[in-house]
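Peer 1: The following block contains the structure, expressed as structure tokens.
The values are calculated or read from the model by the stated rules, or taken from the named source; none is laboratory data. The structure presented is a predicted model; accordingly, all values stated were derived computationally and were not measured. Reconstructed Cβ throughout: ideal geometry from the backbone, glycine too, with neighbour counts over all protein chains shown. The accessibility values were calculated without ligands, DNA or RNA, using every heavy atom of the protein model including side chains. Shrake-Rupley method; radii C 1.70, N 1.55, O 1.52, S 1.80 Å.
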Amino acid sequence: MKIDFKNRVEGIRCQGIFCLQQLEMILLLFWITWLVRPAYSSTTIEDTPYGGPFPVRNYNPVQLLFLSLPPEMATTLSKGSSKVTLDLAESSVILTESTQHVDAVMKFETFRYALNLKHGLTDRLEVGVEIPFYYRDGGFLDPFIKSVENSFDARSTERLSFKDGSFGGFKIIRDGKSLVSGGDQERGLGDISLNAKYLALSERENRPAIALRLAAKLPTGDFNRAFGSGKADFGVGLAAQKTLGSRWVLYLNQSVVFPMNHFGDTDLTLKPIYTMAITGEYLWTKRFSLVGQLNAYSTPFQGTGIGMLDHGVTEAVFGFNYRIRPQIPWKVYIIENFNDPEPGAAADFTLATTIGIQF
């Protein structure tokens, strides 16, 4: 029997982390690893011996449209060194809200993968660019999340009302006007970000390392498909880190983002977004460390009457750092929100990993 392999492949539905484009991106990263292998220098690794914080952000699908300065170490790459990083995050969201003026539902999973390129211009100044891509569908995390909720007797009534792996919708409508919406099985380029970090103070026995950060977001994503905010954003931040003894490293990241103008083509005015992250890293071995992190995000919206927009987000992050090779750091982590009051504004659960190449 003749099999039409071309049609068979084209007909495969792109699901979660097994999307063909996502697989190609991962293979490309490992291909780059092999090509640059002879050029590695151990001196660049000694400047950054720890794994550092997890590069998380607010994974509420609307908040993802704005600029973020993810937590990171205060130390910078040495002059002439470069780093290529691929961030992969599968985030499940289930937020519903229905009032006299509001009809809103966000039930789906977002797969975000971002390519980060960084280069040390000097021993204290590092510049970079982040290029994000998005894919949305019903996903695959529902059964896992339900099993965890059942174990802790904390079942989500919203999740029970939707079929596992279903795309329940992505829309926020207020007084009959659509504020934002997106479709099922859509993929596209997000807003590209440019960033810089300057190491103002190196770590000493009696003081932490402190770095200043700057970032700008370009409106390269399609707002009509909810892949970008449609406007440029600018942000400033502070990163600090301090080694305690031979096993512990503490990190503090704070930032403020200034969204420009109104939200999309609506009349919603935006306010600055404040973010804080506190991270503790325990160095189990020279290559493996355990990390716990607390994140808090304010919201750029105010007075919309929509809980999933007006409320801030508080989350806990747990995971590990591991160096596959001295020049190849790998991070695996999960994000769980503990928002109150209801309705919340956070993504329900996020599973993420980051792999990098330093040379």
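Peer 1: Go through (1) without any contact (Cβ under 8 Å) to a residue 24 or more places away in the chain; (2) open to solvent by 30 Å² or more (accessible area, probe 1.4 Å) one by one and return the number of the condition Arg287 breaks.
Peer 2: (1)
Peer 1: Can you name the residue in region 254-272 that is part of a strand (DSSP E or B) and at pLDDT below 95 and is also least open to solvent (accessible area, probe 1.4 Å) among such residues?
Peer 2: Among those residues, the one meeting the criterion is Pro259.
Peer 1: Got a number for residues in region 223-238 being farther than 12 Å from Asn195 by Cβ and either free of Cβ contacts under 8 Å to residues at least 12 places away in the same chain or among the aliphatic types (A, V, I, L, M) (or both)?
Peer 2: Going through region 223-238 one residue at a time, the tally reaches 4.
Peer 1: Among the numbered criteria (1) more than 16 Å from the chain's Cα centre (by Cα); (2) closer than 30 Å to Ser178 by Cβ; (3) modelled with pLDDT of 90 or more, which one does Ile335 miss?
Peer 2: With respect to (1) more than 16 Å from the chain's Cα centre (by Cα); (2) closer than 30 Å to Ser178 by Cβ; (3) modelled with pLDDT of 90 or more, Ile335 is out only on (1).
Peer 1: I've got another one for you. Going by what's in this entry, would Gly235 be described as within 20 Å of the chain's Cα centre (by Cα), more than 26 Å from Lys79 (Cα to Cα) and modelled with pLDDT of 90 or more?
Peer 2: Working: within 20 Å of the chain's Cα centre (by Cα): yes; more than 26 Å from Lys79 (Cα to Cα): no; modelled with pLDDT of 90 or more: yes.
So Gly235 does not fit the description; no.
Peer 1: Next up: Would you be able to tell me the number of residues in region 186-205 that are polar (S, T, N, Q) and within 20 Å of the chain's Cα centre (by Cα)?
Peer 2: So the first thing to find is which residues in region 186-205 are polar (S, T, N, Q), and the list is 193, 195, 202.
Right, trim to within 20 Å of the chain's Cα centre (by Cα) and you get 193, 195.
So the count comes out to 2.
Peer 1: Now a separate question. Do we have Leu77 as under 22 Å from Val180 (Cβ atoms), touching an Asp or Glu at 6+ places or on another chain (Cβ under 6 Å), in a loop (DSSP other than H, G, I, E, B) and modelled with pLDDT of 85 or more here? Spell out the reasoning first.
Peer 2: Numbers: under 22 Å from Val180 (Cβ atoms): no; touching an Asp or Glu at 6+ places or on another chain (Cβ under 6 Å): yes; in a loop (DSSP other than H, G, I, E, B): yes; modelled with pLDDT of 85 or more: yes.
Criteria not met by Leu77.
Peer 1: Ok, one more. How about region 167-198: which of its residues are assigned to a strand (DSSP E or B), in contact with a strand residue (DSSP E or B) (Cβ under 7 Å, 6 or more places away or on another chain) and open to solvent by 20 Å² or more (accessible area, probe 1.4 Å)? So that I can check it myself, show each step before the final result.
Peer 2: Kept after step one, since they are assigned to a strand (DSSP E or B), are these residues of region 167-198: 169-174, 177-181, 186-189, 193-198.
In the following step, the residues that additionally are in contact with a strand residue (DSSP E or B) (Cβ under 7 Å, 6 or more places away or on another chain) were identified as 169-174, 178-181, 186-189, 193-198.
Those that are assigned to a strand (DSSP E or B), in contact with a strand residue (DSSP E or B) (Cβ under 7 Å, 6 or more places away or on another chain) and open to solvent by 20 Å² or more (accessible area, probe 1.4 Å): Lys171, Ile173, Arg174, Ser178, Ser181, Glu186, Arg187, Leu189, Leu194, Asn195, Ala196, Tyr198.
Peer 1: Restricting to region 88-114, name every residue that is open to solvent by less than 20 Å² (accessible area, probe 1.4 Å) and charged (D, E, K, R).
Peer 2: Result: Glu90, Lys107, Glu109, Arg112.
Peer 1: Output the residues belonging to region 273-318 that are outside any strand (DSSP E or B) and acidic (Asp, Glu). Spell out the reasoning first.
Peer 2: First, pick out the residues of region 273-318 that are outside any strand (DSSP E or B): 284-287, 298-312.
Matches in region 273-318: Asp310 only.
Peer 1: Out of the residues in region 108-166 that are more than 30 Å from Lys83 (Cβ to Cβ), acidic (Asp, Glu) and not in a helix (DSSP H, G or I), state the one that is modelled with the highest pLDDT.
Peer 2: The selected residue is Asp137.
Peer 1: A further question on this structure: Only one of Thr314, Thr269, Thr220 is free of Cβ contacts under 8 Å to residues at least 40 places away in the same chain, touching a His at 6+ places or on another chain (Cβ under 7 Å) and under 23 Å from Pro61 (Cβ atoms). Can you tell me which?
Peer 2: Sole residue among the options that is free of Cβ contacts under 8 Å to residues at least 40 places away in the same chain, touching a His at 6+ places or on another chain (Cβ under 7 Å) and under 23 Å from Pro61 (Cβ atoms): Thr269.
Peer 1: Further question on the same structure: Name the residues in region 225-240 that are closer than 15 Å to Leu252 by Cβ and either open to solvent by less than 30 Å² (accessible area, probe 1.4 Å) or not in a strand (DSSP E or B) (or both), would you?
Peer 2: The answer is Gly237, Ala239, Ala240.
Peer 1: Here are Thr275, Thr350, Thr354: which of them is in contact with a Pro (Cβ under 7 Å, 6 or more places away or on another chain) and either open to solvent by less than 10 Å² (accessible area, probe 1.4 Å) or modelled with pLDDT of 90 or more (or both)?
Peer 2: Working: Thr275 fails: in contact with a Pro (Cβ under 7 Å, 6 or more places away or on another chain); Thr350 fails: in contact with a Pro (Cβ under 7 Å, 6 or more places away or on another chain).
After applying the criteria, what remains is Thr354.
Peer 1: Can you tell me how many residues within region 315-327 are surrounded by 15 or more Cβ atoms within 10 Å (Cβ to Cβ) and in contact with a strand residue (DSSP E or B) (Cβ under 6 Å, 6 or more places away or on another chain)?
Peer 2: Within region 315-327, the first condition is being surrounded by 15 or more Cβ atoms within 10 Å (Cβ to Cβ), and the residues that meet it are 315, 317, 319-323, 326-327.
Of the ones still in play, those that are also in contact with a strand residue (DSSP E or B) (Cβ under 6 Å, 6 or more places away or on another chain) are 315, 317, 319-323, 327.
Residues meeting the conditions: 8.
Peer 1: Return the residues of region 241-253 that are within 21 Å of the chain's Cα centre (by Cα), surrounded by 19 or more Cβ atoms within 10 Å (Cβ to Cβ) and not polar (S, T, N, Q); say none if nothing qualifies.
Peer 2: Tyr251
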